[in-house]
1. Given points 7 Å out from each Cα along the Cα-Cβ axis, report the E137 to D216 separation in nanometres with one decimal.
2. Using a 7 Å offset from Cα along Cα-Cβ at V195, what residues in the stretch 236-255 end up with backbone N under 20 Å from the label point?
3. Between E102 and A163, what is 0.36 nm times their sequence separation minus the Cα-Cα distance? Round to one decimal in nm.
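Every number here is computed from the coordinates shown, using simple stated rules; none is lab data. The shown structure was predicted, so the numbers you read here are calculated from the model rather than taken from an experiment. All Cβ positions, glycine included, derive from the backbone under ideal geometry; neighbour counts span all protein chains shown.
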Amino acid sequence: MVGEMESDPIWRPFGGMAGSRLFWDTESRAHHRQPPFMPLRLHGITFADAHHEAAADGTGTGSGTGTGSWSGTLLVPFRDLCAVVSEQKNFTVDEAGPAEIERHRAVVDWLFRRVSVVPAPVGVVFRAPDVLRRWMELHYVSLTGALEFVDDRAVARVHIVRADGKLEDLETGSDLAASAAEAMRALRRQAVASVPLRHEEVTGLVLSSSFLVERDTWKAFMAALKEQRDAHHLLRFDVTGPWAPYDFVQMQFGG
């Protein structure tokens, strides 16, 4: 998912209520669909009413009968939130393999293109739907706040290296590292928030960062990035995105 994003948010393009019958709007209906001790793998948290719209484009239903990345997923509602999950055969804490990681990323990316989502870390499994609902109840305020924070926003990751590709020289060359840090500061002015991903070893200056950008100012952020490329010919700016906000949310799973 790399490229320029439309200025109009692409997760709300669906009109009407087509497919709304697939939305689990009551606790009792969710209980009917889910066995009481079915382990569930958590992919993300969204606002419940968003799934009226997400189901309407025909690429997936959220009920396990659709096609594409949405196929095989279930919805577990709590108040105005909704957990997007998939069934797990056993309640285990095994490390996620490449297939599980790719599946998780595909589901989160599908959601991100259509609704606001707080993505879960890979490999989070709940013993049963009721356990998941109790966790959602315990963290309801923080989950709601996180969804509001990332709403209508996307992530760009920017990595700066020497234009000649000699990464180690940039990390030991204080002048170029300082130029990279200056460019990062300029980009931060076009973002809601930023998180450093990699620092220069000697001085600690930032060489890679993740930026949370308003969707309607994505083009302005890319224009600012081009300005920095033009101003720093000895540096190469690698950018990826738009991504779901993995770098700007953190779920708590402690007792």
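1. 3.8 nm
2. 238-254
3. Working: separation 61, 0.36 × 61 = 21.96 nm, distance 3.15 nm.
Answer, rounded to one decimal: 18.8 nm.
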